[in-house]
Amino acid sequence: KSDITIAMQLEPPHLDPTSAAAQAIDSVVYTNIFEGLTRFMGDGSVVPGLAESWEISDDGTIYTFKLRDGVTFHDGTTMDAEDVKFSLDRATAEDSANAQKALFAGIETVEVVDPLTVQVTLKEPNGNFLFNLAWGDAVIVAPESIENIKTNPVGTGAFTFADWVQGDSITLNRNPDYWGDQPALETATFKFISDPTAAFAAMMAEDVDVFDNFPAPENLPQFEADPRFQVLVGSTEGETILSTNNKQEPFDDVLVRQALAHAIDRQAIIDGAMFGYGTPIGTHFAPHNPAYVDLTGNSAYDPEKAKALLAEAGYPDGFETTLHLPPPSYARRGGEIIAAQLAEIGIKAEIINVEWAQWLESVFKGKEFGLTIVSHTEPMDIGIYARPEYYFQYDSTDFQALMETLNSTTDPDERTRLLGEAQRLIATDYVNGYLFQLAKLGVAKAGVQGLWENAPTAAIDLTAISWDE
Amino acid sequence: MLRYALKRLLSLILSLAVASVVIFAVIEIAPGDPASFMLGVNAQADTLAALRAELGLDVSKVERYFNWVGGMLVGDFGTSYTYRTPVSQMITDRLWVSLPLALYALTLSTLIAFPAGIYAAARRGKPGDLAVMGATQLGIAVPNFWFAMMLVLIFAINLRWFNAGGFAGWENGFWTGLHSLTLPAIALALPQAAILARVMRSALLDILAEDFMRTARAKGLSRRQALWRHGVRNALIPVLTIIGLQFSFLLAGSIIIEQVFYLPGLGRLVFQAISARDLIVVESVVMLLVFAVIMVNFLVDLAYAAVDPRLRSRT
Amino acid sequence: MSLLEIKDLSLTIHGTQILKRINLSLAPGKIVAVTGESGSGKSMTALAVMQLLPNGADAEGLLQLDGQNLLNQSEAEMCALRGAAIGMVFQEPMTALNPVKTIGDQVMETILIHRAVPPAQARARAEEVLARVGLPTDRFPMTRFPHELSGGQRQRVVIAMAIALRPRLLIADEPTTALDVTTQAQILDLLKGLVTEYGMGLLMITHDLAVVAGMADQIVVMRHGEVVETGATEHLLRHMQHPYTRMLFEASGHQVNLPVAPEPRPLLEVENVVRDYRLPRKRLFDAPGHHLAVDQVSFTLNRGERLGLVGESGCGKSTLTRAILGLEEVQQGRISLDGQPVFTGHKPNLAVRRKMQVVFQDPYGSFNPRHRVARLITEPFHLLETPPTGSERQDRIAELLTAVGLSPDDSSRYIHEFSGGQRQRIAIARALIIQPELILFDEAVSALDVSVRAQILDLLVELCETYDLTYLFISHDLSVVRTITDRVLVMQAGKIVEQGETEQVFTQPQHPSTRTLIDAAPSLPEIGQGAA
Amino acid sequence: MSRNLILGAALSSLVLLAALVSFVWTPYDHAALNIPAKLQPPNTQHWFGTDHFGRDMFSMIMVGARTSIAVALVAVGIGMALGVPLGLTAAARKGSWLDEVIMRGNDLVFAFPSLVIAILITAVFGAGAINAIIAIGIFNIPVFARITRGAALSLWEREFILAARVSGKGAARISAEHILPNVANLLIVQGTIQFSLGILAEAGLSYVGLGAQPPTPSWGRMLADAQTMVSFAPHLALIPGLAIIVTVLGLNLLGDGLRDWLDPRIRVARA
Ligand SMILES: Nc1ncnc2c1ncn2[C@@H]1O[C@H](COP(=O)(O)OP(=O)(O)OP(=O)(O)O)[C@@H](O)[C@H]1O
Ligand SMILES: Nc1ncnc2c1ncn2[C@@H]1O[C@H](COP(=O)(O)OP(=O)(O)OP(=O)(O)O)[C@@H](O)[C@H]1O
Ligand SMILES: [Mg+2]
Ligand SMILES: [Mg+2]
Ligand code: NI
């Protein structure tokens, strides 16, 4: 069997990973259609992609990439240094529509040395640069095919785009001219099933072979018990947090935030909302990262203490606030539980269910919220705490200084130490309520092999997938 | 007749014009910016502005309204903000699911309702009538999404006779396509059939009480002959109204059912588009649905004339 | 040998006795008329013969057609008889035909259903029958729909359907009640002709004794589901045995004596009034059609005068009434009461309205079913600037209820608790309560049984004596108008074609259409008191 | 009194009773989470079992009845309060431009796909009971306007109205005094039907997450929450489903029964 049907929850709006944030785009195209100079592996490591190798100047500002020879785009044109320059220039341009423009902000120039060599000069050294280039937003595209990239993506990957039935599915075919090893699959169909019930039904009825990020954790025991299926439980980069508006009264008082933190029973949330899947976290950092520090004890569940803290902050009878919940079930269900837990200590949180668009508009951009629950899925994103204008509005000069030091530090041990300090700082400032690391819950037919267990980035890497005969 | 049709046509156009203003106005006050939705949480201000310009969101609302209406008049529904494909193309694709589904459901509901309604009317007050009426009462009371859930549970998950959802596509053959629309069509059809059967029955009962039915019996027609030859056609008039209403309902009202069966139909398109703030798609689909309803009503009116000669000669 | 023989026929519907031991017989080529007041069981008798009784009906006795007991026939056998051996014509031509089928199809259906002739010939047969009833296909193509015909023409189609297979027995239930006199005369002629020509037996049901007397060979008088008297027409008319029969005939020809009218002094002046209804355009660019419902009508109604207005159905009588009442504006002309116009500047003139009241035809539809009598009859007080209140109001109510023959206690009852005749009395009480100068009666007695009608006419005379009424009495029933008015207007197609002293107009009609009208009206024979 | 009326009244009052009692008493606090006790099937402690948060389903159904009834009732109220006067006015001014405007406006509202617009309204103004009421209420207006106008028109032809006009009464007064009381039965019956449709609509909106927001329980949202768990906890879907069915069935039977009882002749629009 050489074809597979993979279901995912959200349909990509279009197929250009370099001009939108939608993770669904990456899920379909990342490493399958488009490749970058470097790429993520399933365990989170960064390995060479279209760049065979690279050299970094001693001051850490000049990267010279050696490209693979004989790589062609699906339309037959060759991939060379010009394409790399085009791709990076396009991402950094004034009118760039790249959703992660910040990743490329440090690039000063991109120069073509010869058809297979590119030199990138940075404004200042950046320990994360190779990591950044592995993002889906940094894939290499060709000027010849850029015009229709959104509906007809042309990349260098092992699969070519075949068909898109909007609202239903996208089909990819094996690329016979692929530069690397030929994948086991001939065709792959991505089906979009947003409704958790439909997801369960489709899986049970064996309409689909794999469900990437299965949306209903409550159904996993049934799949576990069924020999027809396998369940893959891994971790994502998603720190699920009770985001708090640090500039809004009464959350501008650290005592109130601390009270909040002690009022939350993480385990109840993980059990109630995620049916036990998820790792409790005490700060904004992924537990699987070597630099992680377990700070959950810092905000242990203790409603009595929470009440006392509230009283100390001048709110002995609690207060009223809003709790904006975006659509995913971790937020909607988790929100119901949190609202109930907050009610125990006298805080009346009005639940406001919002669609993503509204969430972006009123919470993220407008900052009109008290509390919200969201999973921050970008990898290594503790840096957002250094941005005072970021929606939860944490403004700490100590933290900002810490980040600056971190950015210019290349020594790994020192970096680990600094990261630990950063984690502690936000945890003791109780910036947000830290709930759990979002689990990656995959369900697949028993014979499917090579699926990513974890999700360092949103990707469904088809090249490794095969059927167990 | 012609004048009647023309007059209706004029009020039809006026209605559409008013509808377009209402739709545009309602949707434009919706909060949420499509551009920021597309670019996500880390987008920067200049990137956003660039995208807004590209989407044509930077001109005045009035200008946008006229661009939209003007485009629709020549068949150009604009380009979807999120999918970046022509809206007309998306609508056409979705119609290939929604329209057959609506017709399928309507056919089923008619096939169930007519015999049931006629049977009940012919047996008024007898156990058969009571049974049919009881069943229709139940049919009306059952929320169709709940019914759909139960259908999936029984026929897709347990019995595995049908797919749990999704649409196989017409290119895989007519029967395959029809097969994948069967459960949704049943879920949609049964409550509608219940309503239709009741309307059919009461319309027939009204007709049965008419003098001309007695005349027919006096000619020597049996009860059954009189019912079929004189009753059914006259009863069609109220029934047609309901069928017209149901068709428009099925076209748009299947949102939830399409959700349950994850069918790529029009209903789900609007639902997704509303969540994604794809205003132009929402506007265009709602406009199309309003157009469909108004057209269907118009056609039903013309169909009346076909059924009822009294309306044909009325100017 | 008799064609139809009914012996001791009894009928119950859901246990209620409807018919009690009816006896009746009908010979071929003869006409038997069943008559009696509303609800006496005439229609049920006819339906029993057809075996088309309502649900829950249970018939007993003997019902023989040509020696065959119809009560023993199976439903299938009855179907074979209906339409072929027995034809039936119903009262309401407007609803007796299926609106969505052509008249040709409907007539042919009778022929086809019984497979009387090969389908190919059915059409010819239908054409022949339609021609026989006066609808030749060259003028009335078989593709017409019922709504494209007038009431009288529709009734002809119904008759054509009933006689298409020349049944031996034809039953006609009030076949002309819904038609105007001229059309009625034509239909009755047609039926009589068919009986003699085809030799069928006609069972004719009517409450109109004048029609009975003019048509029937034999008369059956019914009351409360029983036959009270039966006999050959001539004989029965002369030797009425049963007091009910006598009462019925007397009431039909009830005469009253109006008090003498005072000196003529104009009250209502109608000058050149035109009421033109605009009809929708037939085709898009045609000029819109017009219908002149009232065409240059002028007349004067004097104080204390009782004026009649007669004319065929649809000639504009009610339209004129509405114009006088100021309910609708007229296009041309002037209407004034006591010198004041009823309409001033597109608004009805309240001061004038106060002086007029009206009594309508339908004793059932004229009252709000949710109000009590006291409230119903005091509704015109709304016109007064200072309506009486308290005991004064109670006194007025009591006075008027007594005047119209009811009791003051009735004022707290609802309208559904009253019979048709009583309701018409209440309507009159309502009209009188503000002591108007003029009352309009629009077909005020047309819907009533003859005995009740006689009582209402007596009441009117009585009221004329006590209240010096001035009224305009509109009716298509010439005999009533003849006795209750001093002067009469004859209206035809929106125009007043003749007016004059009532007796004079009736005895020496001048205008041809008046003459047609009078000739068409069936008249009651002199009943032989002498032999009683 | 017919069987319909009795059965309908019984079912409806059962639901109403549950809603009213829930104000003073429910077996458990309907909002109290008890996650360790989640997903219990019906048992002696929890008659209807517990949901995925361990809340008592019986209490939630009782309080949910309150939500359903409140939303549907107010929506019908809006429909009547605006629709009936519009219908009366249109009938009183039959053929005038006002009549035309009202009726065209009605047609226009009818032409909009109600569910889509309801979703749009709640999406624009935020999900919640109030907006659900408005969304459902708007579509009730033309229903009442149309049925009122239809019935009023035939009344205007009746002679007792003519008699009232002869008595000098104006259109407004006649509408209030004569027309309204005579269409009241019809409105009560139609109101019952619309009420049941309102319950269904509320359930549908809540099901897609646009009705009353948590922690206020609502039958439609209970169904939505239950969806993924039907296969291992069927009571979660069956019980709210049956609650909706019983309520709607009860109201429909009540409507039919009332119609037969109040006046066998009146016609009710049902679509
Ligand atoms: N379907 C029915 N069920 C019960 N009673 C009925 C039914 N139809 C008629 N009746 C009753 O039967 C009696 C006779 O009615 P029928 O129609 O024969 O009267 P009629 O003499 O034809 O009166 P009219 O002159 O008003 O037509 C009346 O008392 C009437 O109320
Ligand atoms: N509103 C209207 N619009 C158009 N035509 C009308 C209208 N009202 C009445 N007519 C027509 O005007 C003519 C006169 O009607 P009217 O009701 O005055 O007749 P009538 O003499 O009272 O008849 P009847 O004896 O049947 O009551 C009829 O041909 C009728 O069809
Ligand atoms: Mg009769
Ligand atoms: Mg008249
Ligand atoms: Ni993260």
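The values are calculated or read from the model by the stated rules, or taken from the named source; none is laboratory data. Note that the coordinates shown come from a computational prediction; the quantities given were computed from them, not determined experimentally. When we count neighbours, we look across all protein chains shown, and the Cβ atoms used for this are built from the backbone with ideal geometry, even at glycine. Note: areas computed on protein heavy atoms with side chains; ligands, DNA, RNA excluded. Shrake-Rupley method; radii C 1.70, N 1.55, O 1.52, S 1.80 Å.
Any chance you could give the angle, 0 to 90 degrees and rounded to 10, that helix B:279-307 forms with the longest Cα principal axis of chain B?
20 degrees
For chain A, how big is the tail of P(r) above 30 Å, as a whole percent of Cα pairs?
Summing the P(r) of chain A above 30 Å gives 48 percent of all pairs.
Which value, in Å² and to the nearest 10, is the accessible area of C:Val461 when all protein chains are kept and the probe is 1.4 Å?
Result for C:Val461: roughly 20 Å² accessible.
To the nearest 10 Å², what's C:Thr466's accessible area with a 1.4 Å probe?
Its heavy atoms expose roughly 100 Å² to the probe.
Mind ranking D:Trp47, A:Trp359 by accessible surface for me, highest first, 1.4 Å probe?
In descending accessible area the options line up as D:Trp47, A:Trp359.
Measuring from label point to label point, each 7 Å out along Cα→Cβ, what is the B:Leu14 to D:Val21 span in nm?
Simple spin-label model gives 5.5 nm for this pair.
Rounded to the nearest 5, what is the percent of antiparallel bridges among the DSSP beta bridges in region C:4-252?
Just about 55 percent of them are antiparallel.
FRET efficiency for A:Thr410 and A:Glu111, Cβ-Cβ distance as r, R0 = 22 Å, nearest 0.05?
After rounding, the FRET efficiency stands at 0.40.
From Cα coordinates alone, what are the radius of gyration and Dmax values for chain D in angstrom?
That works out to 21.4, 76 Å for Rg and Dmax.
What lysines could a cross-link reach from A:Lys101, if we take a straight Cα to Cα line under 26 Å and drop same-chain neighbours fewer than 8 places away?
Filter leaves A:Lys66, A:Lys85, A:Lys123, A:Lys150, A:Lys365, A:Lys367.
Under the 0.36 nm per residue contour assumption, what length would be gained going from the current alpha-carbon distance of C:Gln332 and C:Ala131 to full extension?
Difference between extended and current length: 68.0 nm.
Just to make sure I understand: if all protein chains stay in place, what is the order of B:Leu138, A:Leu15 by accessible area at 1.4 Å, largest first?
If we order B:Leu138, A:Leu15 from most to least accessible, we get B:Leu138, A:Leu15.
Can you pull the Kirkwood radius for region A:61-125, inverse mean 1/r over Cα pairs, to one decimal in Å?
12.5 Å
Within 10 Å of each Cβ in peptide D:47-57, how many partner chain Cβ atoms are there on average? Round it to a whole number, please.
Average neighbour count from other chains, rounded to a whole number: 2.
Given a cut-off of 41 Å, what percent of all Cα-Cα pairs of chain C lie beyond it?
Percentage above 41 Å: 30.
Roll a 1.4 Å probe over the protein chains and send me the accessible area per residue for region B:87-313 in Å².
Value returned for region B:87-313: 34 Å² of accessible area per residue.
Say R0 is 56 Å: what FRET efficiency, to the nearest 0.05, do C:Ser298 and C:Glu399 get from their beta-carbon distance?
Taking R0 as 56 Å, the efficiency between C:Ser298 and C:Glu399 is 0.90.
Full-extension gain between C:Asp409 and C:Ala351, please, as 0.36 nm times their residue separation minus the C-alpha to C-alpha distance.
Here the answer is 17.7 nm.
Using only the alpha-carbon atoms, how far is helix A:329-344 inclined from the longest principal axis of chain A? Give it as 0 to 90 degrees, nearest 10.
For helix A:329-344, the angle is close to 10 degrees.
Quick one: Karplus J couplings for region A:4-20, per residue in order, coefficients 6.51, -1.76, 1.60, θ = phi - 60°, nearest Hz, x for Gly and Pro?
These are the phi-based 3J(HN,Hα) values: 8, 10, 10, 9, 9, 6, 10, 8, x, x, 7, 10, 9, x, 9, 9, 7 Hz.
5 Å is the cut-off here: which amide hydrogens, built 1.01 Å from N in the peptide plane, fall below it relative to C:Met491, excluding neighbours closer than 5 in sequence?
Sorted by chain and number, the residues that satisfy this are C:Val310, C:Gly311, C:Val497.
Calculate the length of the line joining the C-alpha centroid of region B:99-113 to that of region D:136-195, in whole Å.
Cα centroid of region B:99-113 versus Cα centroid of region D:136-195: 36 Å apart.
Using a 1.4 Å probe on the heavy atoms of the protein chains only, list every residue of region D:17-35 that has 20 Å² or more less accessible area in the complete assembly than in its chain alone.
D:Leu33, D:Ile35
In whole Å, largest first, what are the principal axis extents of the Cα atoms in region D:121-209?
56, 22, 15
Determine the distance separating the Cα centre of region C:61-115 from the Cα centre of region C:1-27; give it in Å without decimals.
Spelled out, the Cα-based centre of one part sits 19 Å from the other.
P(r) of the protein assembly as shown in 20 Å steps, Cα pairs, percent per bin?
8, 27, 28, 18, 13, 6, 1, 0
Per residue of region A:86-92, in order, report the coupling 6.51 cos²θ - 1.76 cosθ + 1.60 (Karplus, θ = phi - 60°) as ³J(HN,Hα) in whole Hz, putting x for Gly and Pro.
Whole-Hz 3J(HN,Hα) from phi for region A:86-92: 4, 5, 6, 4, 5, 6, 8.
Hey, what number do you get for chain C at 222 nm if only DSSP H runs of n ≥ 4 count, each worth -39500 (n - 2.57), divided across all residues, to the nearest 500?
Helix-only estimate at 222 nm: -10000 deg cm²/dmol.
If amide H atoms are built 1.01 Å from N in the plane of the peptide, which residues on other chains or at least 5 residues away come under 5 Å of the amide H of B:Thr79?
Hits under the 5 Å cutoff: B:Val87.
Take the Cα coordinates of region C:1-110, assign each an equal point scatterer, and use the Debye formula without solvent to give log10 I(q)/I(0) at q = 0.15 Å⁻¹.
Result of the Debye calculation: -0.74.
Assuming R0 = 22 Å, what is the FRET efficiency of B:Phe66 and A:Asn152, from their Cβ-Cβ distance, to the nearest 0.05?
Efficiency, from the Cβ-Cβ distance: 0.10.
When you count, for each residue, the other Cβ atoms within 10 Å and take the mean per peptide, how do C:55-63, C:69-77, A:149-157 rank with the highest first?
Descending mean neighbour count gives A:149-157, C:55-63, C:69-77.
Ranked highest first by the average count of other Cβ atoms within 10 Å around their residues, in what order do C:410-423, A:35-48 fall?
A:35-48, C:410-423
If each of C:Glu234 and C:Glu263 carries a label point 7 Å out from its Cα toward its Cβ, how far apart are those two points in nm?
So the label points at C:Glu234 and C:Glu263 sit 5.6 nm apart.
List the lysines whose Cα lies under 24 Å from the Cα of C:Lys192, skipping any in the same chain that are fewer than 8 positions away.
Of all the lysines, those that pass the test against C:Lys192 - Cα under 24 Å, at least 8 places apart if same chain - are B:Lys219, C:Lys30, C:Lys42.
Residues of region A:108-133 with the amide nitrogen closer than 20 Å to a label point 7 Å from the Cα of A:Thr78, along Cα-to-Cβ, please.
Residues passing the 20 Å test: A:111-119.
Sort C:512-521, A:253-262, A:176-185 for me by packing, meaning the mean count of neighbouring Cβ atoms within 10 Å per residue, highest on top.
Answer by packing, highest mean first, reads A:253-262, C:512-521, A:176-185.
Over chain B, consider all pairs of different Cα atoms and compute the Kirkwood hydrodynamic radius from their mean reciprocal separation; express it in Å, one decimal.
22.3 Å
Hey, if you put +1 on the Cβ of every Lys and Arg and -1 on every Asp and Glu Cβ in chain A, which of A:Asn298, A:Pro379, A:Gln230 ends up farthest toward the positive end of that dipole?
A:Asn298
With every protein chain left in place, what is the accessible area per residue of chain D in square angstrom, probe 1.4 Å?
37 Å²
Over all residues in D:114-122, what is the mean tally of Cβ atoms on other chains that come within 10 Å of each residue's Cβ?
Mean shielding count: 6.
To the nearest whole number, what is the average tally of beta carbon atoms from other chains within 10 Å of the beta carbons of peptide A:165-174?
The mean count of partner-chain Cβ atoms within 10 Å per residue comes to 5.
Springs between alpha-carbon atoms under 10 Å, Gaussian network over chain D: tell me which of D:Pro113, D:Pro217, D:Pro234 tops the mean-square fluctuations.
D:Pro113
Ignoring everything but the protein chains, give the 1.4 Å probe accessible area of C:Arg223 in square angstrom, nearest 10.
That residue has around 90 Å² of solvent-accessible surface.
Assuming a viscosity of 1.002 mPa s and a temperature of 20 °C, what translational diffusion coefficient in µm² per second does Stokes-Einstein assign to region A:132-189, Rh being the Kirkwood radius over Cα pairs?
In µm²/s, the coefficient rounds to 168.
In nm, to one decimal, how far is the A:Glu453 label point from the B:Lys126 one, both placed 7 Å along Cα→Cβ?
Using points 7 Å along Cα→Cβ, the separation is 7.0 nm.
Specify the inter-centroid distance of region D:61-96 and region A:34-72, based on alpha-carbon positions, in whole Å.
For region D:61-96 versus region A:34-72, the Cα centre distance is 67 Å.
Taking θ as phi - 60°, what are the ³J(HN,Hα) couplings along region C:118-131 by the Karplus curve (6.51, -1.76, 1.60), each to the nearest whole Hz, with x for Gly and Pro?
Taking θ as phi minus 60°, the curve returns x, x, 4, 8, 4, 4, 4, 5, 5, 4, 4, 5, 4, 4 Hz for region C:118-131.
Give me the Å³ per residue figure for the convex hull around the C-alpha atoms of region A:356-469.
Convex hull of Cα atoms, per residue: 161 Å³.
Using modelled amide H (1.01 Å from N, peptide plane; none on Pro or chain starts), what sits under 5 Å from the amide H of A:Thr117, excluding residues fewer than 5 places away?
A:Leu67, A:Ala81
Going by alpha carbons, how many degrees (0 to 90, nearest 10) lie between the helix axis of D:57-92 and the longest principal axis of chain D?
The answer is roughly 10 degrees.
Computing the accessible area with a 1.4 Å probe over protein heavy atoms, can you report the carbon and sulfur percentage for the protein assembly as shown?
After summing per-atom areas, the C and S share lands at 55 percent.
When the dipole is taken about the Cα centre of chain B, and only Lys, Arg (+1) and Asp, Glu (-1) are charged at their Cβ, what size is it in debye, to the nearest 20?
My answer is approximately 2020 debye.
In square angstrom and rounded to 100, what buried accessible area do you get between chains A and D, total over both, with the probe at 1.4 Å?
In total, chains A and D hide about 1600 Å² from solvent.
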